[in-house]
Amino acid sequence: MWRITSRIIRSRQRYGDRIGVNVVKRRLTTLLLISGILVVRGLTAAVSDVPPDPFAWLLPVVHVDSAARGRIARGEVIVQILPAGDGELGVFAVSRLDADPEMLAVWAGSIANLKKSPYVLAVRRFSDPPAIEDLDTLALDDSDLESARRCTPGDCALKIASGDIESLRRAASAGGTQWKDAVQRQFRRIVLDRVNAFEADGFAGLQPYADRQKPVYPQVAFASLLGRSPYLRSDPITDLAARTESFFYWSKEQYGTGKPVITVTHVDVVRSRVPCALRVALVSTEILATHYRNASLGLTAVVEDAAGQGHLVYVNRSQLDVLGGFFGALKRAIVESRVKGESVHVFEELRRRLESGPPGGSR
């Protein structure tokens, strides 16, 4: 039932270039996850071994004070905007969770159900190995199609690599009256190639974004986010043997009046094998975003206190290309306010789903 796949990892650090290293990979079905809850529980630390503060491992990045803990105990969702570097945005959210920690992994296996929201226009998990058919329903909007045939390296509305920009223009030129279909097909190949490159070599295998005059190297942007996320270098997260499953998915999302963003994300499912508060975590690494973001790194986790009370935790750091310039401070204030407000509703819905039991339908 278990398939274990080993890979040779080209990386300068154990956890550096690729947070999604898949040294130990197990394919789990929803049925296996649910039926295995008691087994997993038996392998985790006893309640008496759990530190009294379930959030201590997030220090010094996140501090949950006594007032916030009181609100959490009453069932409220707490959202904090975290200190961040230039061009970066950090957000933390937490709430009480009355569900088995394994529900997070179960819902992750049904990513379309987990991600469903008014902001998500489409989402699909890649097969293993990834195939072009996984992208059949992925489509650029007309505005992005028009941009694709006008783009040049250093001046493009799509956040893609130089070679990809040229390939889209060639596809548009050769497509004649059917140029839009030709560009859509070529864009899907670009997405698949990026997934395969990341799977083979991590961020070191990804070409820089060439939408602006100064190229952006995903490996450098990711390293900056990781440097501000010490909780991702804690023992429960960096223990590669604790990574029981990993997968890729693509999504198309739109927030407010902004452009629809097509993203590709790699997810690791982590289960702690050492005595600690963390039970199950999803580590999400964005490897493509067609607009706004150079890199994004997220953690969704279920932690428990010494009494066994569960808490749902979310931390995300993103590097954005819209926070610079003369009005950078004003734009940051607007973005942070919107993110803080929208995060409460999204987080409440995520909690409701986990507490409702396993998702229905197919993944």
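Before moving on, here are some points about what is shown:
- One residue stands out among those in segment 46-60 that are assigned to a loop (DSSP other than H, G, I, E, B) and surrounded by fewer than 17 Cβ atoms within 10 Å (Cβ to Cβ): the one that is modelled with the lowest pLDDT, which is A46.
- Residues located in segment 152-181, provided they are touching a residue at least 40 places away in the same chain (Cβ under 8 Å) and surrounded by 15 or more Cβ atoms within 10 Å (Cβ to Cβ): P153, C156, A157, L158, K159, I160, A161, S162, D164, I165
- Restricting segment 186-204 to residues that are over 18 Å from L158 (Cα atoms) and without any contact (Cβ under 8 Å) to a residue 60 or more places away in the chain, the residue that is least open to solvent (accessible area, probe 1.4 Å): A197
- Residues of segment 63-87 classified as surrounded by 17 or more Cβ atoms within 10 Å (Cβ to Cβ) and either among the small types (G, A, S) or part of a loop (DSSP other than H, G, I, E, B) (or both), total: 4
- Matching residues, segment 206-240, being open to solvent by less than 20 Å² (accessible area, probe 1.4 Å), closer than 14 Å to L288 by Cβ and under 16 Å from the mean Cα position of the chain (by Cα): P218, A221, F222
- Residue within segment 294-308 that is within 27 Å of P60 (Cα to Cα), without any contact (Cβ under 8 Å) to a residue 24 or more places away in the chain and either open to solvent by 10 Å² or more (accessible area, probe 1.4 Å) or small (G, A, S) (or both) present: yes
- Some residue of segment 199-209 being aliphatic (A, V, I, L, M), assigned to a helix (DSSP H, G or I) and closer than 20 Å to D128 by Cβ: yes
- Hits in segment 143-193 - residues which are of a type in the set (G, A, S) and part of a loop (DSSP other than H, G, I, E, B): G154, A157, G175
- A122 vs. criteria part of a strand (DSSP E or B), open to solvent by less than 60 Å² (accessible area, probe 1.4 Å), in contact (Cβ under 8 Å) with a residue 40 or more places away in the chain and over 26 Å from E304 (Cα atoms): yes
The values are calculated or read from the model by the stated rules, or taken from the named source; none is laboratory data. Because the structure is predicted, anything quoted here is derived from the model rather than measured. Neighbour counts are summed over all protein chains in view; Cβ atoms, including those assigned to glycine, are modelled from backbone coordinates with ideal geometry. Remember, those area values only see protein heavy atoms, side chains included, never the ligands or the DNA or RNA. Shrake-Rupley method; radii C 1.70, N 1.55, O 1.52, S 1.80 Å.
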